[in-house]
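The values are calculated or read from the model by the stated rules, or taken from the named source; none is laboratory data. As the structure is a prediction and not an experimental result, all values here were calculated from the model. For neighbour counting, all protein chains shown are included, and Cβ atoms are generated from backbone atoms with ideal geometry for every residue, glycine included.
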Amino acid sequence: MGVNFQEPFLNQLKKKKVQVTVRFSGGDFLTGTIKAFDQYIIIIEGKDKDFAVYKSSINVIEPEKGFRIQDV
């Protein structure tokens, strides 16, 4: 079985309330913090509302400058 990088990465972003930019394949993007996630969806807390985003639609999750993942 391989190493699961996704869960520790998302957990740290969520716990530390790191601002992220989520980039989609069509070029659109969404900025906010990760409120929750499961196997298929990430809930992004935006400025005025929450967004449910399917993981399969995401190209990149870009944390704010200076974030480093720990303990993977």
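Out of ILE43, ILE34, one residue alone is closer than 17 Å to ILE69 by Cα, assigned to a strand (DSSP E or B) and at pLDDT 95 or above. It is ILE34. Has the stretch 4-20 got any residue that is surrounded by 14 or more Cβ atoms within 10 Å (Cβ to Cβ), in contact with a strand residue (DSSP E or B) (Cβ under 7 Å, 6 or more places away or on another chain) and part of a strand (DSSP E or B)? Yes, because at least one residue in the stretch 4-20 is surrounded by 14 or more Cβ atoms within 10 Å (Cβ to Cβ), in contact with a strand residue (DSSP E or B) (Cβ under 7 Å, 6 or more places away or on another chain) and part of a strand (DSSP E or B). For the stretch 1-31, filtering for residues that are of a type in the set (Val, Ile, Thr) and over 14 Å from GLU64 (Cβ atoms) leaves 1.
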